[in-house]
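Structure first, commentary second.
Read-outs throughout are calculated quantities, based only on the coordinates presented, and are distinct from any laboratory measurement. Just so we're clear, the structure is a prediction, and the values are computed from it rather than from any experiment. Note: ideal-geometry Cβ built from the backbone for every residue, glycine included; neighbour counts use all protein chains shown.
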Amino acid sequence: MYLDKLKIGNIELENNILLAPMAGITDLPFRILCRDNGAGLAFTEMVSGKALYYGDEKTKKLLDTTNEKRPIGVQIFGNDIEAMKKATEYVNNIADIIDINMGCPAPKVVKNGDGSKLLLNLDLAEEIVKEVVSVSKHPVSVKIRKGWDSNNIVAIEAAKRIEKAGASMITIHGRTREEYYSGMADWDIIKQVKKEVNIPVIGNGDIKTWKDAKEMFEQTNVDGIMIRKGSTWKSMDI
């Protein structure tokens with residue numbers, strides 16, 4: 001009833017169950033394993049736009065896609081527009097879908113103004129999406145959070161701006177950066193975002209079992225779900 005094909009721009013996925021990018025986890029063998037077991041799309045570990053801009057060889061190794069089933073998702077992050085454009089041009093020859101990370105809460109990421117810190121500067125966030133789309137040969141998606149903290153719940157405005165800038169899909173995690181991964185994800189904000197935009201919306205947060213997945217679809221009406229930590233748990237049965 002909920003498992004269905006998903007169209008992202010001109011790319012059609014076999015199903016709408018996506019594997020989230022996870023640093024140190026979603027390397028090539030893990031992505032291949034998840035795709036072989038039914039994931040409709042898997043994203044690489046997030047890679048630094050600035051590192052690609054400067055030609056960092058260690059970063060390039062994160063983009064190994066040897067024998068990986070297509071379509072392939074690559075996630076990049078950064079707040080420097082020129083670096084993000086150059087990074088996009090580099091991964092154009094690797095990816096089928098390019099995702100921009102605007103949700104990572106890690107201190108080492110946000111201290112540089114990247115990841116979820118961009119939710120405090122929606123003008124810049126929108127411009128980054130616009131410029132990445134302008135040089136991308138593939139559909140561009142964006143992953144966001146509910147907001148930065150309880151005083152900055154910006155998911156709906158961010159989603160509208162991201163759509164306006166030309167993105168083909170939005171993934172939203174139902175927590176603020178301040179919450180990190182604590183407490184319960186707010187699925188209601190995911191539902192609200194889904195109502196406000198016309199591009200596919202992917203729900204993320206607290207999907208650990210097939211029952212959670214079913215409830216996410218029922219409660220939010222999302223077009224698909226993204227599984228993160230649940231993909232590494234033995235309890236995940238989906």
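Observations, loosely collected:
- Among 209, 171, 220, the ranking by other beta carbons within 10 Å of each residue's beta carbon, starting with the fewest, stands as 209, 220, 171.
- Calculated P(r) tail over 21 Å for region 106-212, as whole % of Cα pairs: 33
- Note on residue 196 and residue 58: the extension gain reaches 45.7 nm, defined as 0.36 nm multiplied by sequence separation minus the Cα-Cα distance.
- For the cross-link pairs 60/214; 111/214; 60/194; 146/211, the ones whose C-alpha atoms lie over 31 Å apart are 60/214; 111/214; 60/194.
- Fewest-first ranking of 144, 98, using other Cβ atoms within 10 Å as the exposure measure: 144, 98
- Ranked 210, 148, criterion: other C-beta atoms within 10 Å, fewest first: 210, 148
- Each of the peptides 211-217, 153-159 was scored by the mean count of other Cβ atoms within 10 Å over its residues; in descending order, highest first, they stand as 153-159, 211-217.
- GNM flexibility winner over the chain from 203, 166, 55 (Cα, springs under 10 Å): 55
- Relative contact order, whole percent, for the chain stands at 16, derived from Cα pairs under 8 Å and 6 or more residues apart.
- Estimated dipole of the chain in Debye, rounded to 20 [Cβ of Lys and Arg +1, of Asp and Glu -1, Cα centre]: 200
- For region 90-136, the square roots of the Cα gyration tensor eigenvalues, ordered a ≥ b ≥ c, give a/c of at least 1.5 with a/b no greater than b/c, which places it in the oblate category.
- Total charge dipole magnitude, region 125-238, about the Cα centre, Cβ charges on Lys, Arg, Asp, Glu only, Debye to nearest 20: 280
- Per-pair calculated FRET efficiency, R0 = 22 Å: residue 25 and residue 180 via Cβ, rounded to 0.05: 0.80
- Here the label points at residue 151 and residue 82, each 7 Å from Cα along the C-beta direction, are separated by 3.5 nm in the simple model.
- Nearby aspartates and glutamates by direct alpha-carbon distance to residue 58 (threshold 15 angstrom, same-chain neighbours under 8 apart not counted): 27, 45
- Added length on full extension, which subtracts the Cα-Cα distance from 0.36 nm per residue, residue 135 to residue 33: 33.6 nm
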